[in-house]
Each structure stands twice: as C-alpha cells, then as structure tokens.
Amino acid sequence: MSTAPVTGPQLEPAAHGRQPDLNIVDPSPATGFTRDVAVIGLGYVGLPTALAYFAADQAVLGLDASAARLVAIGAGQVDVIPTDRARLESAMFDDRFQLTADPAMLSTAAAVIVCVPTPVDSHFVPDLTALRAACDTAVRHATPGQVIVLTSTTYVGCTIDLLVEPLARRGLRAGEDVFVAFSAERIDPGNSGTAQEVLPRVIGGATPACAERAAATLAGYAEHVHQVPSLATAEMTKLLENTFRAVNIALVNEFADICRTLDIDVTHVIEAAATKPYGFMAFTPGPGVGGHCIPCDPHYLLWQLRKDRTDAPMITEAMRQIAGRPGRTVDRVREMLAERPMAVKGARVLVVGVAYKPDVADVRESPALEILQGLRDLGAAIGYVDPHVPEVRLRDGVVLKSLVDPRWFNPALVLLHTPHADTDLSWLTPGQPVLDATFGRLDVADAVAL
Ligand SMILES: NC(=O)c1ccc[n+]([C@@H]2O[C@H](COP(=O)([O-])OP(=O)(O)OC[C@H]3O[C@@H](n4cnc5c(N)ncnc54)[C@H](O)[C@@H]3O)[C@@H](O)[C@H]2O)c1
C-alpha cells in the first residue's frame with residue numbers, strides 16, 4: 001500500500017542516529033493507517049525484518065518493550081550484518097522508520113508482525129511469557145482491517161490460542177474484521193550470504209482471506225511467499241525445519257564419536273558423503289547446539305505432544321543427546337588432561353569463541369557457557385577469548401571477561417569452540433594441547449578432534 005507521510009513529533013538526531021521517541025502522539029486510526037507495517041519485538045529477527053520492510057520502501061513502526069533496546073538501536077549499537085547496519089543508518093534519519101515503546105501506536109499500522117522470543121525454561125518447558133504479552137498487546141490495539149502475523153516459532157495451535165480467539169472475544173472475527181496468519185521467520189543472524197528478502201516465507205492463514213492478505217503483507221519485502229492450507233500447517237512447517245536440524249546434528253555428533261573410536265577423521269567422511277548429489281545433506285559435529293532455535297523449538301513440539309499423551313521417541317532422544325553434548329565435551333577435556341597426565345582441578349583451560357555460532361555476539365544457549373561452568377565446577381581455572389563477546393555470566397553468577405592477550409593465561413589446554421571469521425590464533429604456541437570442537441574450521445595443526 002502507499003502511505004501518507006507520517007506526521008507528529010519526530011525523533012531528535014543523536015550522535016549516531018535518532019533517539020526513540022517513547023511518547024509520540026498517536027495519529028488517529030480513524031484517518032486510516034499511516035504505516036504499512038509495525039513490528040513487535042526488535043531483536044535478532046524483528047529488527048532485520050523491520051529494516052527489510054524499510055528497504056522495500058514501506059513505512060515501518062518498530063515497537064519494543066525494552067527501552068534499553070530502543071536506545072541501543074537508535075545509537076546503532078546492535079549486532080547486525082553489514083547490510084542491515086547500512087539500512088539502519090539511513091532509517092534513523094528517515095520519517096518512514098519510527099521506533100516506539102507505546103503499544104497504542106500499533107493501531108496506526110496496516111499490518112502488525114509479532115516477533116518476540118520463545119525460549120524454554122531450565123526444564124525445557126516452553127516459556128510463553130513474552131509471546132503471550134506481545135499477542136495480548138496486538139489484540140488490545142487491533143483495528144478493523146488490520147493484518148496480524150505471528151512469526152515467533154511456537155507450538156501448533158498457538159496462533160488460534162493467542163490471537164484468533166482473543167480477537168474474537170473483542171468482537172474482531174478473523175477473515176472478516178481482521179486478518180490473522182502465521183509465518184515463521186527463517187533469518188540466519190550473522191550470515192551475510194543470504195539476504196532476508198530472498199528467503200522464501202511460508203504462510204498459513206486462519207481463513208483463505210487471512211492467508212491472501214497476510215501473503216500480500218509479506219510480499220511487501222519477501223520475493224517468495226509460499227502459502228499453505230492452514231495456520232497449523234505453517235506452525236508445523238517451522239517445527240519440522242528445526243527438528244530436522246536437531247536430529248541431524250545429534251546424528252552427526254554420534255558419527256563423530258564413532259569415527260573417533262574407529263580412528264577415522266569424520267570430516268573426511270562428511271566431505272565424501274556430500275559429493276553425493278541427492279539424498280544427503282552435510283551437517284557439522286560440534287560441542288553442542290546453541291541459539292534461540294534448535295535447542296528450544298523441538299521442545300515446543302514435545303511439550304504439546306505430552307498433553308495428548310503422544311510420544312516422539314526419535315526427537316526426544318535427539319534432544320537428550322543435544323542437551324548432553326556440552327557435558328561430553330567437558331569429559332573430553334578431562335580425558336585429554338588425564339592423558340598428559342594432569343587433573344582437571346587446578347588446570348588452566350582456555351575456550352576460544354563462546355558465541356553460539358560464528359560471527360555473532362549471541363550467547364543464548366551457547367554450549368560454551370555450560371562447558372565453562374562444567375569445568376569450573378570441576379575446579380579448573382577457566383578463561384575465554386572471543387572478539388564478539390566482551391563478557392559472559394555463568395549459571396553460578398560468575399562473570400568472565402574475554403582475555404585481552406591469551407598468552408598471559410598460559411593454558412594447559414585450549415578448547416576451540418566457535419570459529420569466528422576474525423578469530424586470531426597467532427598466540428598459540430607450538431606443542432600447545434588443543435581440543436578442536438570446530439572439527440577443522442579453525443585449522444590448527446595437531447589439534448585433537450573432539
Ligand atoms: N535468532 C534466530 O536465529 C531466529 C531465527 C529464526 C526465528 N527465530 C524466532 O524469532 C523469534 C524472536 O527471536 P529473536 O532471536 O529475535 O529474539 P530476541 O530476544 O533477539 O528479541 C526479542 C525482542 O522482543 C522484545 N520483546 C519481548 N517481549 C516483548 C513484548 N511483549 N512487546 C514488545 N517487545 C517485546 C525484546 O525486548 C527483544 O528486543 C523467536 O520465536 C525465535 O524462535 C529466531
């Protein structure tokens with residue numbers, strides 16, 4: 001849609017951009033929508049989504065519950081790929097991009113996209129606190145004619161539970177008064193190789209009209225939109241995608257263990273299998289799985305199956321293996337020290353890279369945190385170096401800072417954990433014992449594979 005220029009008080013220029021205006025006046029929805037799209041939740045996924053819409057010439061409102069996050073975005077202090085950084089720099093000086101903490105502003109947008117975190121708690125039970133709050137906000141401020149798209153990964157039936165039914169209780173019927181759909185995000189933070197707009201979006205609507213309207217909203221920036229017959233199909237598609245990854249990662253980790261026992265280099269095996277042009281997809285073994293998706297999303301499925309007393313033994317086992325992988329990495333550190341021979345208690349162990357994946361600053365669910373904690377619990381003296389992560393807080397509350405010069409740490413053992421592109425290993429000395437959980441991606445001669 002085309003939009004009228006946004007009116008109202010604008011944000012003051014800051015050193016790097018504009019500060020978010022937290023009390024902006026609501027341009028009355030009675031005059032029609034003044035924005036194409038509003039994004040609720042401007043995190044690793046929501047901010048790039050908002051910027052993709054902005055880059056596609058849409059008028060965008062970004063809503064976040066965290067004032068600190070809004071200020072960080074306004075100051076450009078965010079962990080985004082270079083394309084998004086450039087987009088943010090121009091967005092902050094453009095009236096078509098506005099940040100707010102005021103949920104009432106949502107009624108000014110023709111479409112509302114919900115993009116808040118869906119983690120699991122320490123018992124692997126879905127934590128729907130943020131999603132419930134964000135959907136409640138969307139429902140409270142829903143306006144006739146609006147499109148509302150849930151994009152957070154979640155269980156099957158969630159869009160009905162948190163949007164369609166509450167909207168109906170407000171007298172807004174999906175497909176008639178408002179248009180409700182589910183379309184999971186597939187963005188790969190830190191990966192500059194795949195532009196967000198070329199990632200196909202899968203969309204399912206509460207009704208065919210919902211699907212059509214929501215597909216048009218997504219087509220505002222996405223080049224490919226794939227419609228599926230229902231909300232449940234779209235919700236389940238995301239769960240299949242991420243469960244597929246989880247199961248295959250668990251499998252390739254098991255192959256890595258088997259290959260070590262049989263004295264075979266698993267990376268050669270994977271590379272060779274990947275020459276098969278069909279029916280094989282290469283996965284890389286590692287010290288565990290982190291981030292906000294793979295360690296969490298399959299638990300949304302397992303959780304909802306428990307209600308129906310339904311079992312999914314293969315997924316359950318894969319998730320058990322994934323959860324146990326950092327602990328097995330700690331065991332390998334202990335074994336390698338014992339071979340020297342050296343007790344883990346008092347040994348100095350240095351972890352290289354603590355982000356959950358290369359080239360991001362995100363440590364959510366990172367195996368490194370569990371490994372560091374596990375080593376600390378065993379009495380090791382731990383340290384880490386990561387150019388993207390200045391400090392980390394472990395489960396027991398201890399805060400570690402990235403070492404400025406790892407040479408001074410004088411480690412008994414180095415664990416290669418996250419292969420950032422800018423990892424500097426020039427400080428490694430010949431003969432230094434190195435356990436390689438990156439399986440060759442940091443290319444250290446004589447490193448022992450995990
Ligand atoms: N991070 C990924 O790689 C990735 C990839 C694809 C899909 N996803 C999915 O996308 C969703 C969002 O993940 P993320 O990584 O962007 O999360 P995030 O934690 O990076 O960001 C979420 C943002 O939402 C804000 N927020 C929380 N509750 C809010 C509320 N009630 N109202 C307004 N703002 C609120 C937070 O302040 C935060 O800025 C999750 O469901 C996740 O599974 C994530």
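The values are calculated or read from the model by the stated rules, or taken from the named source; none is laboratory data. Worth saying up front: this structure is predicted, and the values here are computed from it rather than measured. So basically every Cβ, Gly included, is an ideal-geometry build from the backbone, and we count neighbours across all protein chains shown. To get the accessible areas, we keep the full protein, side chains included, count just its heavy atoms, and leave off ligands, DNA and RNA. Shrake-Rupley method; radii C 1.70, N 1.55, O 1.52, S 1.80 Å.
Just for region 44-64: of the residues that are at pLDDT 95 or above, open to solvent by 10 Å² or more (accessible area, probe 1.4 Å) and part of a loop (DSSP other than H, G, I, E, B), which one is nearest to the ligand (Cβ to nearest atom)?
Asp64
Return the residue satisfying two criteria in turn: it lies in region 175-189 and is in a strand (DSSP E or B) and within 16 Å of the ligand (Cβ to nearest atom), and of such residues it is nearest to the chain's Cα centre (by Cα).
Among those residues, the one meeting the criterion is Phe182.
Are any residues in region 65-97 touching a strand residue (DSSP E or B) at 6+ places or on another chain (Cβ under 7 Å) and within 15 Å of the ligand (Cβ to nearest atom), and if so, which ones?
Selection gives Leu70, Ile73, Gly74.
Thr261 passes all but one of (1) closer than 17 Å to Ala449 by Cβ; (2) among the polar types (S, T, N, Q); (3) in contact (Cβ under 8 Å) with a residue 24 or more places away in the chain; which number fails?
Only one criterion is unmet by Thr261, namely (3).
Residue under question is Ala109, and the condition is that it be within 14 Å of Leu61 (Cβ to Cβ) and either away from the ligand (no atom under 11 Å from the Cβ) or in the same structural domain as Gly205 (by TED's automatic domain parsing) (or both); does it hold?
When the stated conditions are applied, Ala109 passes them.
State all residues of region 114-155 that are in a helix (DSSP H, G or I), in contact (Cβ under 8 Å) with a residue 12 or more places away in the chain and open to solvent by 50 Å² or more (accessible area, probe 1.4 Å); if no residue qualifies, say none.
Just the residues of region 114-155 that are in a helix (DSSP H, G or I), to begin with: 129-140.
With in contact (Cβ under 8 Å) with a residue 12 or more places away in the chain added as a condition, the list becomes 130-140.
Arg132, Ala133, Asp136, Arg140, listed by residue number.
On the given criteria, is Ala168 of a type outside the set (Asp, Glu) and in contact (Cβ under 8 Å) with a residue 12 or more places away in the chain?
It is false that Ala168 is of a type outside the set (Asp, Glu) and in contact (Cβ under 8 Å) with a residue 12 or more places away in the chain.
Might you check whether a residue that is touching a residue at least 40 places away in the same chain (Cβ under 8 Å), assigned to a helix (DSSP H, G or I) and under 19 Å from the mean Cα position of the chain (by Cα) occurs anywhere in region 65-76?
Looking only at region 65-76, we keep the residues that are touching a residue at least 40 places away in the same chain (Cβ under 8 Å), and these are 65, 67, 70-71, 73-76.
Still in the list and also assigned to a helix (DSSP H, G or I): 67, 70-71, 73-74.
Of the ones still in play, those that are also under 19 Å from the mean Cα position of the chain (by Cα) are 70, 73.
Scanning region 65-76, I find at least one residue that is touching a residue at least 40 places away in the same chain (Cβ under 8 Å), assigned to a helix (DSSP H, G or I) and under 19 Å from the mean Cα position of the chain (by Cα), so the answer is yes.
Would you be able to tell me the number of residues in region 358-387 that are touching an Asp or Glu at 6+ places or on another chain (Cβ under 9 Å), within 16 Å of the ligand (Cβ to nearest atom) and open to solvent by less than 50 Å² (accessible area, probe 1.4 Å)?
Adding up the residues that qualify gives 4.
Return only the number of the condition from (1) part of a helix (DSSP H, G or I); (2) open to solvent by 20 Å² or more (accessible area, probe 1.4 Å) that Asp424 does not satisfy.
(1)
Applying the selection to region 388-407, what residues are surrounded by 15 or more Cβ atoms within 10 Å (Cβ to Cβ) and part of a loop (DSSP other than H, G, I, E, B)?
Matches in region 388-407: His388, Val389, Leu394, Ser402, Leu403.
Identify the single condition in (1) surrounded by 21 or more Cβ atoms within 10 Å (Cβ to Cβ); (2) assigned to a loop (DSSP other than H, G, I, E, B) that Leu167 does not satisfy, given that it satisfies every other one.
(2)
Output the qualifying pairs, or none if there are none: Cβ atoms under 7 angstrom, residues six or more apart or on different chains, first residue in region 226-243 and more than 19 Å from Val114 (Cβ to Cβ) and in contact (Cβ under 8 Å) with a residue 40 or more places away in the chain, second residue aliphatic (A, V, I, L, M) and more than 16 Å from the ligand (Cβ to nearest atom).
Here the result reads Thr243/Ile315, each pair linking region 226-243 to a residue that is aliphatic (A, V, I, L, M) and more than 16 Å from the ligand (Cβ to nearest atom).
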